[in-house]
Structures are given as C-alpha cells and as structure tokens.
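The values are calculated or read from the model by the stated rules, or taken from the named source; none is laboratory data. Worth saying up front: this structure is predicted, and the values here are computed from it rather than measured. Because the Cβ atoms are built from the backbone with ideal geometry, glycine has one as well, and the counts that use them run over all protein chains shown.
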Amino acid sequence: MPYIQAGDVRIWYETFGQGEPLLLIMGLGGTVRSWGLQIPQLSKRYRLICLDNRGVGYSDKPPGPYRIEDMAADALAVLDALSIRSAHVLGVSMGGLIAQALYHAQPQRVRSLILGCTGSGPNDPDYSPPAPRVWEILLRDPDREPQEAIFRDLIEVFYHPSYRARVPDLLPRLLRLHQSLPQPPHAYRAQLDACRRHTPTSPRLAAIQVPTLVLHGAEDEVWPPALPVRS
C-alpha cells in the first residue's frame, strides 16, 4: 500500500502518469481525490505525486498542534521514499503555504513553484483579511453543527457563483466525498490552526530563486487578491 512513514505519522500518497515529477499539495481538508479534475490532464505530461496531508484522507490524523513546516516535511518524505531528488511543486490554499515552506526548507528539491489561491499567511503584516463571514464559517464547530449546514456555507465562499451554477449538485457531491473519507473535527481544527499560526513568508519571497507562477482568482473571498505573495 502507498504509505510512507514521516516521523511519527503515516502519509498516504499516489502517483499518476509519466514525465517530470510534479508534486501536488492540497489545501485545508482536501485529499488526493480533491485533484480529480486536474489529474487526468496533468498526468498526460507529468509524473504526479499526490498526498493526503496529515489530518485528512488515508493519512494519520494525530492530535494537534500541526505546523505548516511539519506538513512540508511530510511531503519531502514522500519525495525521498520515491527517490525523487527534485520536483515541480504545485500548492493551493494551505498547500501553497506548505509549498513555500518546503522550498525554504530545501530549495534544491524544487524545480519550480506554482502557487494557487494562497498567500504568505494570516500573520503577515500586509495580510489582506477576508470578509468576517469567511472566518466565521471556517471556525464553525463540526462537533456541534450539522455537517450539511457547514458545507452549504463553505460552498458559498469557496466556489464562485458561476461554478455553482454549472454544478448544481455540488453540495451532495462534496458531502459524499467527505462521508467516504471523513476528516475528524480535531484534525480540521489542527490544520486550520497551522495556517493561522504560520510564520509569515513575505520577508522571504525575494529569496525564491526558481520559476514561480502565481494563480489567483479576481473574486477570491478566502484569499483576497491583494496578498503579499503576489508582490
């Protein structure tokens, strides 16, 4: 089975396709399955390495706290297990924070960076906070509220209205995905707290010496466009 041991946790990974290695790092609460729309296309040109971050999917879900640096070390452990000396690295949202931490930990392992819908962290002095309702939704307690109600509100901020119109059954799809691989509330909180406590990366942005592509939506409510990673 595709597990590796990273320190005290087991990390699940999967690979797809052939070509130059491309490491995919998903965001808060996401799993390998969250790349379902991208894997068929990207695997035509790249060898994809996808993992479940600690706290989700098939990976271990230890008690918190988690750190972004710990999740970067998990991803590096997957590359080590596959004897991959360097890879292109694509991270989205929390995965973008992890991708940046991975680069700063071992820059020689990164061929290029692709940072999607992410930033330098909520503690950055130049951080552009989302609307208050976004944090209110993210901080809702899944131990006390129905999962369907929380997911319905999460969809409102994570998915653009035009996308929701094209996928009218988005809520039941996401609920089925979550129910097949549920994330325990303690693990969700630990991932979210890792983002909230992360050391800002903007002072080190200028030190990035590999080709870097930043992808951002003009109407992103969770990571507003005016973020330091875009500078």
Here is a list of conditions, (1) over 26 Å from residue 176 (Cβ atoms); (2) touching a Leu at 6+ places or on another chain (Cβ under 9 Å); (3) modelled with pLDDT under 95; (4) of a type outside the set (D, E, K, R), and residue 34 meets all of them except one; can you say which number that is? (1)
Please go through (1) closer than 30 Å to residue 173 by Cβ; (2) among the aromatic types (Phe, Trp, Tyr); (3) buried (at least 20 other Cβ atoms within 10 Å of the Cβ) for residue 103 and return the number of the only condition it doesn't satisfy. (1)
Quick check on residue 97: is it out of contact with any Ser or Thr (no Cβ under 6 Å at 6 or more places or on another chain) and assigned to a loop (DSSP other than H, G, I, E, B)? no
Residues satisfying the stated conditions in segment 17-56, i.e. more than 20 Å from residue 109 (Cβ to Cβ) and not in a loop (DSSP other than H, G, I, E, B): 32, 33, 34, 35, 39, 40, 41
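Residues being over 12 Å from residue 187 (Cβ atoms) and either touching a Lys or Arg at 6+ places or on another chain (Cβ under 7 Å) or not hydrophobic (A, V, I, L, M, F, W, C) (or both): count how many of those fall in segment 32-69.
Applying the first criterion (over 12 Å from residue 187 (Cβ atoms)) to segment 32-69 yields 32-51, 58, 67-69.
Applying the additional criterion that residues be either touching a Lys or Arg at 6+ places or on another chain (Cβ under 7 Å) or not hydrophobic (A, V, I, L, M, F, W, C) (or both) yields 33-34, 36, 38, 40-41, 43-47, 58, 67, 69.
Summing the residues that are over 12 Å from residue 187 (Cβ atoms) and either touching a Lys or Arg at 6+ places or on another chain (Cβ under 7 Å) or not hydrophobic (A, V, I, L, M, F, W, C) (or both) in segment 32-69 gives 14.
Restricting attention to segment 26-46, which residues are in contact with an Asp or Glu (Cβ under 7 Å, 6 or more places away or on another chain) and not aliphatic (A, V, I, L, M)?
Within segment 26-46, 31, 46 qualify.
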Selection status of residue 5, within 20 Å of residue 86 (Cα to Cα), in contact (Cβ under 8 Å) with a residue 24 or more places away in the chain, among the polar types (S, T, N, Q) and assigned to a strand (DSSP E or B): yes
Out of (1) among the hydroxyl-bearing types (Ser, Thr, Tyr); (2) surrounded by fewer than 23 Cβ atoms within 10 Å (Cβ to Cβ); (3) more than 14 Å from residue 13 (Cα to Cα); (4) out of contact with any helix residue (DSSP H, G or I) (no Cβ under 7 Å at 6 or more places or on another chain), the odd one out for residue 58 is which? (3)
Consider residue 126 against the criteria (1) buried (at least 17 other Cβ atoms within 10 Å of the Cβ); (2) farther than 16 Å from residue 6 by Cβ: it satisfies all of them except one. Which criterion is unmet? (1)
May I ask you to list the residues in segment 73-126 that are hydroxyl-bearing (Ser, Thr, Tyr), touching a Leu at 6+ places or on another chain (Cβ under 9 Å) and more than 23 Å from residue 55 (Cβ to Cβ)? 86, 112
Would you mind listing the helices (runs of 4 or more DSSP H) fully within segment 147-231 where at least 2 residues are of a type outside the set (Gly, Ala, Ser) and surrounded by 12 or more Cβ atoms within 10 Å (Cβ to Cβ)? 147-158, 170-180, 185-197
Looking at (1) outside any strand (DSSP E or B); (2) out of contact with any His (no Cβ under 9 Å at 6 or more places or on another chain), find the lone condition where residue 69 falls short. (2)
Could you grab the pairs with beta carbons closer than 7 Å, sequence gap of 6+ or different chains, first residue in segment 159-188 and without any contact (Cβ under 8 Å) to a residue 24 or more places away in the chain and aromatic (Phe, Trp, Tyr), second one assigned to a helix (DSSP H, G or I) and surrounded by 10 or more Cβ atoms within 10 Å (Cβ to Cβ)? 159/170
